[in-house]
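Q: Quick one: the structure is below, and I'll ask about it shortly.
The values are calculated or read from the model by the stated rules, or taken from the named source; none is laboratory data. The structure presented is a predicted model; accordingly, all values stated were derived computationally and were not measured. Every residue, glycine among them, receives a Cβ derived from its backbone with ideal geometry; neighbour counts consider all protein chains shown.
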Amino acid sequence: MVQPMILVDADACPVKEEIYRVAYRLNVPVTVVSNAHLRVPPHPLVSRVVVDDGFDAADDWIAERVTTASVVITADILLADRCIKGGAGAVIAPNGKPFTASSIGNAVAVRAIMSDLRAGGDRIGGPPPFGKEDRSRFLSALDAALVRIQRQRS
């Protein structure tokens with residue numbers, strides 16, 4: 001039986017502390033992946049991987065290690081797409097919204113349209129500010145995904 005694990009695309013992740021709390025409570029290992037040295041708690045469940053600063057190096061590291069027992073935390077739509085296609089157990093954005101096989105195609109298309117608009121000089125707004133509701137939604141989504149994976153594995 002493969003144990004559930006959390007893989008974190010960590011460079012700009014605003015919910016690392018929440019991830020650690022859930023991981024400790026459910027006894028699930030966390031791997032924090034980044035291009036820069038980030039401080040992580042000295043805990044046996046938490047490990048850090050610092051990749052080189054090559055384009056998509058952190059994304060590549062995560063996507064290559066995804067299993068059906070993985071919960072991937074990322075705001076990167078293209079990484080989410082790769083992880084879903086790689087069979088991840090769950091992919092969750094820091095605001096708690098899940099990326100799923102049925103929603104990722106639309107997310108990738110919207111990302112491409114927004115990128116084209118920005119490249120054409122259009123000034124468009126970004127995402128709304130990260131708030132308490134996002135943090136709460138994330139905690140619920142992470143807990144639910146891990147519990148679901150643990151039940152499937154037992």
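Q: Can you name every residue in region 96-154 that is touching an Asp or Glu at 6+ places or on another chain (Cβ under 8 Å), at pLDDT 70 or above and of a type outside the set (D, E, K, R)?
A: Matches in region 96-154: 96, 99, 104, 138, 139, 142.
Q: Surrounded by fewer than 16 Cβ atoms within 10 Å (Cβ to Cβ) and on the phi < 0 side of the Ramachandran plot, is that true of residue 82?
A: The answer is no for residue 82.
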